[in-house]
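What follows is a short report on a single structure.
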Amino acid sequence: MPSYDLITGVRADTLEIDFSPSGPATASFGLIGQGSTRSGISAGGTPTSAAYTAFNKAQGSISRSGSALAQVTGAKLSFTNSVETVRTIRADRKIEGADPGICRATGQVTVRFADTTLLTQAQNGSSADFAFAYTIDANRSLTITLHEVYLALAKTPIEGPGGVEAAFDFRAAYSATATIMMMVALKNQQAASEYA
């Protein structure tokens, strides 16, 4: 039974990316729409298939101030626009709007305790830029750069002879130098007009 929903007034609210040593690289987007209209035919016409090469988690990397972080066992990155829905009394049952709030970028980096670079940054309350990237080659990559990242002090439990892992929670702030908090750069050999 063909059934199509056309969602209108859509805003992107959240983004979540998980970094680990293996598996396919995936991202989750949270969207908020004003309303939807159901139909038996597609409003977008006949869909076309696009060839693509997927990123793998093994192609991931995390760097701090331009230098690769050593012995990272996992990381999580979350971004939100803090969109708040405005609900009013309407005959069409749609929301009045979706208002963006204060943007936040948070996450966690888990590393084997091999040096005190991150611990020192957390203790000093200083900031550094962090880049989370997936790279296939020079022409195909995705890089998310947080320009001013602050770390919380990590707990370092000693659980056995296999080494000590430390999990650092982080929060990004607006950088007056870069004039942004976060930048996303996608290289995929497609012209800008492909996204117009």
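Only the coordinates and a few stated rules stand behind these numbers; no lab work does. Only a predicted model underlies this, so the values are computations on that prediction, with no experimental measurement involved. Cβ sites come from the backbone with ideal geometry, for glycine too, and all protein chains shown count toward neighbours.
Here the simple spin-label model places points 7 Å from the Cα toward Cβ, and for Ser67 and Ala12 these points are separated by 3.3 nm.
At a Förster radius of 45 Å, what calculated FRET efficiency corresponds to the Cβ-Cβ distance of Asn56 and Ile89, to the nearest 0.05?
Working: r = 49 Å, r/R0 = 1.09.
Efficiency computed from Cβ-Cβ geometry: 0.35.
On full extension, the segment bounded by Ile180 and Ser39 gains 46.7 nm, given 0.36 nm per residue less the C-alpha separation. Take every Cα pair under 8 Å whose residues are at least 6 apart in sequence, average their separation, divide by the length of the chain, and the relative contact order is 18 percent.
Taking 10 °C and 1.306 mPa s as the conditions, I'd like the Stokes-Einstein D for the stretch 5-94 in µm²/s, using the Kirkwood hydrodynamic radius from alpha carbon pairs.
Values: Rh = 17.1 Å.
Using the Kirkwood radius from Cα pairs, D works out to 93 µm²/s.
Note on Lys57: aspartates and glutamates with a C-alpha under 17 Å away, same-chain residues under 8 apart excluded, are Glu16, Asp18, Asp137. Dipole of the chain (Lys/Arg Cβ +1, Asp/Glu Cβ -1, origin at the Cα centre): which of Thr116, Ser65, Pro24 lies farthest to the positive side? Most positive-ward Cα: Pro24.
So how far, in whole Å, is the C-alpha centre of the stretch 23-88 from the one of the stretch 106-158? Here the two parts' Cα centres lie 20 Å apart.
Let's test the formula: R0 of 25 Å, r as the Cβ-Cβ distance of Thr135 and Cys103. What FRET efficiency results, to the nearest 0.05?
Details: r = 26 Å, r/R0 = 1.03.
Step by step, r from the Cβ atoms, then E = 0.45.
With no solvent and one equal point scatterer placed on each C-alpha of the stretch 93-132, evaluate the Debye formula and give log10 I(q)/I(0) for q = 0.14, 0.17, 0.19, 0.29 Å⁻¹, two decimals. Taken in order of the listed q values, log10 I(q)/I(0) reads -0.54, -0.66, -0.75, -1.20. In the list (i) 17.2, 54; (ii) 16.7, 62; (iii) 20.6, 65, the label attached to Rg and Dmax of the Cα atoms in Å as derived from the coordinates here is (iii). Dipole magnitude for the chain: computed about the Cα centre from +1 point charges on Lys and Arg Cβ and -1 point charges on Asp and Glu Cβ, it is near 260 debye.
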